[in-house]
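Undergrad: Provided herewith is a single structure, encoded as structure tokens, for subsequent inquiry.
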Amino acid sequence: MEIQQLQAIASQVRRDIVRMVSGANSGHPGGSLGCADFLTVLYFEMMKHNPDHFSMDGKDEDLFFLSNGHISPVWYSVLARAGYFPIDELSTFRKLNARLQGHPSTDKKIPGVRMASGSLGQGLSNAIGAALTKKLNNDNRTVYTLHGDGELQEGQIWEAAMYAAANKVDNLIATIDYNGRQIDGDVEDVLSLGDLSGKWQAFGWEVLEMDGHSYPDLFETLNKAKTMTGNGKPIVIIMKTEMGQGVDYMVGSHKWHGVAPNVEQLQEALIQLEETLGDY
Amino acid sequence: MKQFEILGKKDTRSGFGEGLLEIGRQNPDVVALCADLTGSLKMDAFLKEFPDRFFQAGIAEANMIGMAAGMTIGGKIPYTGTFANFSTGRVYDQIRQSVAYSQKNVKICASHAGLTLGEDGATHQILEDIGMMRMLPHMTVIVPCDFNQTKQATMAIADHKGPVYLRFGRPVVPIFIQPDAKFTIGKADILIEGTDVTIIACGHLVWKSIEAAQQLAEQGISAEVINMHTIKPLDEKAILDSVGKTKCVVTAEEHMLNGGLGDAVAQVLSRHMPLPQEYVGVNDTFGESGTPDELMVKYGLDTPNIVEAVKKVLKRK
């Protein structure tokens, strides 16, 4: 797909995000907006997957796990726009009886979601497990994950990081949304991650860095990561993003981590985001 | 009264080890994960025969549970093995989100449960695990009573699609269930029929309940003994049929009174058939170091405690 087409999808995804969060009057717009470009490129360009016939087992497909489940709006929008479920269903986000729960779950059988997430730090372990099963099944597709940077403060992440390197889980590409913000403020102030690249290297991972809003870089780095699979090491991409990217008053502030825009703020945001594929 | 022959003596964890090996031979989708306790869990035989299907997680239980949940995607049936404390309390949130809420086909196999872990003391003697696990929606909770039943249960849970908590223990205890007995999840075993009182027990307390029934019979008291190996889903019919006949019940478990088998039974009775119940279990206290036998006596989980509870409940009829 051409970059312009992907950018058009991402613009619509961003509109979906702010409309969904505003419609529910709750949710997490900041991190969702920041990961819109990445997830669009992943689902519309990089992954082999089957939106028309979702199967939990995903045999011979690439799999994706969202570990930082609170950015469910961006994932739901990308899944719907990719064809996993009707686009109109985005209007049910966080509403009673909806399949689109506040945080992703398998409980109501929403196509595209294979694991509940929200309580942080668990997705890397889940992904390693799925990657191990792919190896046992001689399935040579890849398992992708996305994590928040604040999420890396959870100890389980490092248990999983140690396991994957020690056991050569090399069909795994983890991405860190390195936006530097978490609920209480800057990650640097809340609990610094220190030398993040050095930490992953010391744990035995291949480490790549990427600008999460540059399409040429997303293409180049994700393709490079793909070529590095199967070489005995898990791969992590530290992806620099801006929380709130695309909406000027949200950019770069932790204040929009988990706050819904009101009606006026929604209009102000929508003016900045072109409707490319039609709103739900 | 039906007499039980002691067929031998073994630890229930060895029943798990044998069952895992056997189900591994029968079902190629079965895989095993362990957090640095392969020998204690008796998983060595599986590891030796199926090294490619065994995953050593190291001392990292949260990651082990998370990986097990992920391994179900693609059709594997993961059995995780570690002590009951590290199988539940340490990883409650991982089980809650990645296994129970996500309805993953993970078998959480927990050894060294309860006081009979012995000398290591209260840090390792979990007495709350049945309660934690039975509170989780979608979770099946099984506490088999001897070596043979633990082996049977270990194999049976592979055919049950969904999360399972399987609890067993460390000490060598009598074997009294026949090796070819059929194990059905959710169907209680009526081990001894009686008319005066119902004793409902699980795990190590089942044999002690048989002993208690024998002593009571000598005193002219007819006790019915039910082995409630599945705490969830609970065999409510077996409880109501029996207590409907005997009009009183004693529950016995190597677990905290709060949240355990006794609570589960009381919930059934209070809804359908409120009748006197007495409890044998640990009453809101941690354990301590000691031999398993010493601890069972000190914390009131021995055969005389069951006899005493029966006499108490009979007076309340």
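A short reminder: the numbers here are calculations on the coordinates, not readings from a lab. Everything numeric in this text was worked out from a predicted model, so none of it was measured. Backbone-built Cβ (ideal geometry, glycine too); neighbour counts: all protein chains shown.
Undergrad: Within a 10 angstrom radius of the beta carbon, how do B:MET64, A:MET56, B:MET155, B:MET135 rank from fewest other beta carbons to most?
TA: Values: B:MET64 32, A:MET56 17, B:MET155 20, B:MET135 14.
Ordered from fewest to most neighbouring Cβ atoms within 10 Å, B:MET64, A:MET56, B:MET155, B:MET135 come out as B:MET135, A:MET56, B:MET155, B:MET64.
Undergrad: Now a separate question. If one takes the longest principal axis of the Cα atoms in chain A, at what angle in degrees, from 0 to 90 and to the nearest 10, does the Cα axis of helix A:72-82 lie?
TA: 90 degrees
Undergrad: I'd like the Karplus ³J(HN,Hα) series for region A:41-49: coefficients 6.51, -1.76, 1.60, θ = phi - 60°, whole numbers in Hz, and an x wherever there's a Gly or Pro.
TA: Coupling constants for region A:41-49: 5, 4, 7, 9, 9, 9, 8, 8, 8 Hz.
Undergrad: Antiparallel DSSP bridges in the protein assembly as shown: what percent, to the nearest 5?
TA: Among the beta bridges of the protein assembly as shown, antiparallel pairing accounts for roughly 15 percent.
Undergrad: What number, in percent, do you get for the relative contact order of chain A if the mean sequence gap of Cα pairs under 8 Å and at least 6 apart is divided by its residue count?
TA: 26 percent
Undergrad: Below 8 Å, C-alpha to C-alpha, sequence gap of six or more: please give me the relative contact order for region A:1-136 in percent.
TA: Dividing the mean separation by the residue count of region A:1-136 yields 25 percent.
Undergrad: Within 12 Å, Cβ to Cβ, of A:GLY180, how many net charges do the neighbouring residues add up to if Lys/Arg are +1 and Asp/Glu are -1? Display every interim value, and only then the final one.
TA: Working: positive: A:ARG181, A:LYS240; negative: A:ASP149, A:ASP177, A:ASP186, A:GLU188, A:ASP189, A:GLU242.
Within the 12 Å Cβ shell, the charges total -4.
Undergrad: Still on this model: Report the far tail of the P(r) of the protein assembly as shown, meaning the percent of Cα-Cα pairs longer than 48 Å.
TA: Result: 23 percent of Cα pairs exceed 48 Å.
Undergrad: Considering only the other residues whose Cβ falls under 11 Å of the Cβ of A:ASP149, what net charge follows from Lys and Arg at +1 and Asp and Glu at -1?
TA: That works out to -2.
Undergrad: Gap in Å between the Cα centre of region B:54-89 and the Cα centre of region A:135-213?
TA: Their Cα centres are 20 Å away from one another.
Undergrad: Another question, then. What is the fewest-to-most order of B:CYS248, B:CYS34, B:CYS202 by other Cβ atoms lying within 10 Å of their Cβ?
TA: B:CYS248, B:CYS34, B:CYS202
Undergrad: Filter B:LYS208/B:LYS315; B:LYS237/B:LYS317; B:LYS104/B:LYS187; A:LYS59/A:LYS199; A:LYS134/A:LYS233 down to the pairs with a C-alpha to C-alpha distance above 25 Å, please.
TA: A:LYS59/A:LYS199
Undergrad: Given an 8 Å cut-off on Cα distances and at least 6 residues of separation, report the relative contact order of chain B as a percent. Before the final figure, lay out the partial values.
TA: Numbers: 743 pairs, mean separation 58.3, N = 317.
With pairs under 8 Å counted, the relative contact order is 18 percent.
Undergrad: Turning to a different aspect of this structure: Which of A:VAL74, A:VAL18, A:VAL251 moves most in a GNM of chain A, Cα contacts under 10 Å?
TA: A:VAL251
Undergrad: Quick one: angle between helix A:263-272 and the longest Cα principal axis of chain A, in degrees between 0 and 90, rounded to 10, please.
TA: Approximately 70 degrees, to the nearest ten.
Undergrad: Enter the angle in degrees (range 0 to 90, nearest 10) between the Cα long axis of helix B:12-26 and the first principal axis of the Cα atoms of chain B, meaning the one along which they spread out most.
TA: Roughly 50 degrees, rounded to the nearest 10.
Undergrad: How long are the three semi-axes of the equivalent ellipsoid for chain B, computed from the Cα gyration tensor as the root of 5 times each eigenvalue, in whole Å, largest first?
TA: 32, 19, 19
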